[in-house]
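Contents: one structure, followed by commentary.
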Amino acid sequence: MVGMKSETQGEYASQYRALLQAVAEACDLTAADGGTPSSPELGEMEVQSLWAAGLFGTEWESERHGHVSIRDFGEWNRSAGPDFLFAEAEINGRLVRGDIEIDPHAQDWEQHGHGANPRFNNVILHVLLTPPPRGWYTRNSLHMEVPVIYLSTERIRKALDMQQPAIDAICGRNGWDGRTELCAQPLATMSPEQIENLLLAAAAHRIECKRRRFRRKVSVLGDAQTSYEAWAECLGYSANKEPMVMLARRVPLRRLQGLDTEAALLGVAGFLKPVLPTRTEPEARAYHRRVWDAWWKIKDELMLESQRRPVWQFTGIRPLNHPHRRVAALAVSAARWQEIMPLLSAAHSSELTDTLCKLQHPFWERHSMIDTPALQRSCALVGRERVRDFLCNHVYVRDESREAWVAFTRLTHTALPTRVLRLARSLFGQRDDLRDIMRREYACQALLQIGTDFCRNGACKDCLFPVQLKNLCSSQ
């Protein structure tokens, strides 16, 4: 690869936006066959997590109750009843306080028995993921109407940082089925400099999208909590990112003050049991007894009912990445978060790496689960690969300096995710320099962005990405 050019991150991002705009204009997004993006499918807990972070926005227009403005999103409920308690909203100019219920469909209110349940009489807002039927009336057991708003596809996509696809076509699918001729031709003939420019532009655009989401979260949660959740997401690896974020949001930093962080996080995660199996070794029994005794004191105020707990992925997980161990690592980090926060910048990236990689715990350095035998050798609680992921996806996003952009472009990785590798082969074909092209982390991030923007619904033969890419190359 040639050396990095002198453009700033914002200038590179502008180049990629121009490419998106060119494809959008060529596709005529007002056409009936491609004008409306589909709404992403979200689980109930994921929607509630996004609501708690304020990522759906604060202003709505309801059909029957005028303007709705959220002042306080409420406290995420831990047990039966409405999803959020003690919320505050201004509805048609009137300030109201109460609870909020979120349902995929309007009919869920009656199907779940909320209309006859006195626990839902204090609900001030019924939030839906789909538009309610014409003339729909949400009522409580007192036969009082509950104002209704719904989360549009646009709001959901914005909360997830999903941009309007330039075209409902897919270039990555060529890599899945072996037909690489559509996407590989324009990229296979591009010069190294042209490829570098494209990848830097796509990566810069991706950073901008993440930065917007970070700012929105900070405006609701604060800088420390937002960064804490980002670290939890990194610790979750690919399989347990969302449960780790939900856990960090369920037990925020402010709630951890004065508590045993291990007991609080392991307990809320659902990993503490009153009695361990008889086969458990004495060391594990002693650790569990200490943590359980601390958890028992705070259990009633923190424990989640089973239906509200994070859903963990256990199968196919390497022992060192087991959720028990990852939650323990989060607990050790949380206890030192005031020390970690000042290091979240490009200028302190080396010190941050050393601090996180040197986190210690006498039990979890030698165990992958609470009730399993000790590992044959001690292993670091946090590895450098996790810290590199944190730098790439949060620290250099949070830090808007030129230094952060340069540091981001210099990051390398040890192995490409399968999805990225397949997409790279699809886009670049059999180039001899493919390994060199993909050795930088920004190249990986760029392909993820290109895949998000262009790889949709299998309409490869109609995809205009290669055509517009040729135009871009010819203008350089």
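The values are calculated or read from the model by the stated rules, or taken from the named source; none is laboratory data. Remember, it's a predicted structure, so these values are computed and weren't measured experimentally. Every residue, glycine as well, gets a Cβ built from its backbone with ideal geometry; the counts of neighbours run over all protein chains shown.
Once region 83-131 is narrowed to residues that are assigned to a loop (DSSP other than H, G, I, E, B) and among the aliphatic types (A, V, I, L, M), the residue that is modelled with the lowest pLDDT is Leu129.
Within the bounds of region 4-13, is there any residue that is surrounded by 14 or more Cβ atoms within 10 Å (Cβ to Cβ), among the charged types (D, E, K, R), part of a helix (DSSP H, G or I) and modelled with pLDDT of 70 or more? Looking through region 4-13, none of the residues is surrounded by 14 or more Cβ atoms within 10 Å (Cβ to Cβ), among the charged types (D, E, K, R), part of a helix (DSSP H, G or I) and modelled with pLDDT of 70 or more. When we screen Leu391, Leu359, Leu434, Leu375 for residues that are in contact (Cβ under 8 Å) with a residue 40 or more places away in the chain, touching a Lys or Arg at 6+ places or on another chain (Cβ under 9 Å) and not aromatic (Phe, Trp, Tyr), the only hit is Leu375.
A quick yes/no check of all residues on (1) within 27 Å of Leu411 (Cβ to Cβ); (2) assigned to a loop (DSSP other than H, G, I, E, B); (3) not acidic (Asp, Glu):
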site	(1), (2), (3)
Val291	no, no, yes
Gln307	no, no, yes
Arg325	yes, no, yes
Leu330	yes, no, yes
Ile340	yes, no, yes
Leu356	yes, no, yes
Asp371	no, yes, no
Leu375	no, yes, yes
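Looking across region 108-134, the residues that are more than 30 Å from the chain's Cα centre (by Cα) and either within 17 Å of Glu63 (Cβ to Cβ) or surrounded by fewer than 21 Cβ atoms within 10 Å (Cβ to Cβ) (or both) come down to Glu110, Gln111, Gly113, Gly115, Ala116, Asn117, Pro118, Arg119, Asn121, Asn122, Pro133, Arg134. Taking the conditions (1) within 30 Å of Phe408 (Cβ to Cβ); (2) assigned to a loop (DSSP other than H, G, I, E, B); (3) within 23 Å of the chain's Cα centre (by Cα); (4) of a type outside the set (D, E, K, R) in turn, Gln360 satisfies each one other than (3). Considering the conditions (1) charged (D, E, K, R); (2) closer than 30 Å to Thr418 by Cβ; (3) at pLDDT 95 or above, Glu242 is excluded by exactly one of them, (3). Residue count for region 20-51 satisfying the condition of being more than 29 Å from Ile149 (Cβ to Cβ), at pLDDT 70 or above and either touching a helix residue (DSSP H, G or I) at 6+ places or on another chain (Cβ under 6 Å) or in a loop (DSSP other than H, G, I, E, B) (or both): 2. Residues of region 426-437 include at least one that is in a helix (DSSP H, G or I), modelled with pLDDT of 80 or more and of a type in the set (Asp, Glu). Pull up region 187-236, narrow it to residues that are touching a helix residue (DSSP H, G or I) at 6+ places or on another chain (Cβ under 6 Å), surrounded by fewer than 19 Cβ atoms within 10 Å (Cβ to Cβ) and farther than 21 Å from Asp453 by Cβ, then point me to the one that is modelled with the lowest pLDDT. Ranking the candidates gives Val218 first. On inspection, Ile100 does not qualify as over 22 Å from Glu301 (Cβ atoms) and hydrophobic (A, V, I, L, M, F, W, C). If you go through region 276-330 and pick out every residue that is of a type in the set (A, V, I, L, M, F, W, C) and over 16 Å from Asn240 (Cα atoms), you end up with 12.
Within this structure, Phe408 passes the test of being surrounded by 21 or more Cβ atoms within 10 Å (Cβ to Cβ) and farther than 16 Å from Glu229 by Cα.
I'd like to check something: does region 226-239 contain any residue that is outside any helix (DSSP H, G or I) and over 26 Å from Phe56 (Cα atoms)? No, every residue in region 226-239 fails to be outside any helix (DSSP H, G or I) and over 26 Å from Phe56 (Cα atoms).
Just a yes or no: is a residue in region 241-248 over 20 Å from Trp312 (Cβ atoms), in a helix (DSSP H, G or I) and out of contact with any Leu (no Cβ under 8 Å at 6 or more places or on another chain)? Checked against the condition, which is being over 20 Å from Trp312 (Cβ atoms), in a helix (DSSP H, G or I) and out of contact with any Leu (no Cβ under 8 Å at 6 or more places or on another chain), region 241-248 yields no hits at all. Filtered by the rule that a residue be among the small types (Gly, Ala, Ser) and either within 30 Å of Arg402 (Cα to Cα) or buried (at least 18 other Cβ atoms within 10 Å of the Cβ) (or both), region 307-349 gives Ala328, Ala329, Ala331, Ser333, Ala334, Ser345, Ala346, Ala347, Ser349.
The number of residues in region 350-374 being under 30 Å from Thr278 (Cα atoms) and loosely packed, with under 14 Cβ neighbours inside 10 Å comes to 2. Screening Val123 with (1) in contact (Cβ under 8 Å) with a residue 60 or more places away in the chain; (2) touching a Gly at 6+ places or on another chain (Cβ under 7 Å); (3) among the hydrophobic types (A, V, I, L, M, F, W, C) gives one miss only, at (1). Residues that are in contact with a strand residue (DSSP E or B) (Cβ under 7 Å, 6 or more places away or on another chain), modelled with pLDDT of 80 or more and either among the β-branched types (Val, Ile, Thr) or in a helix (DSSP H, G or I) (or both) do not occur anywhere in region 444-452. The residue that is surrounded by the most Cβ atoms within 10 Å (Cβ to Cβ), counting only those in region 52-94 that are among the basic types (Lys, Arg) and either in contact (Cβ under 8 Å) with a residue 60 or more places away in the chain or touching a helix residue (DSSP H, G or I) at 6+ places or on another chain (Cβ under 8 Å) (or both), is Arg78.
The single residue among Arg384, Arg366 that is of a type outside the set (A, V, I, L, M, F, W, C) and under 25 Å from Glu400 (Cβ atoms) turns out to be Arg384.
Would it be correct to say that Arg254 is over 27 Å from Glu339 (Cβ atoms) and in a helix (DSSP H, G or I)? Against the criterion (over 27 Å from Glu339 (Cβ atoms) and in a helix (DSSP H, G or I)), Arg254 does not qualify. Among residues of region 96-107 being of a type in the set (D, E, K, R) and crowded, with 16+ Cβ neighbours inside 10 Å, the one that is nearest to His126 (Cα to Cα) is Glu101.
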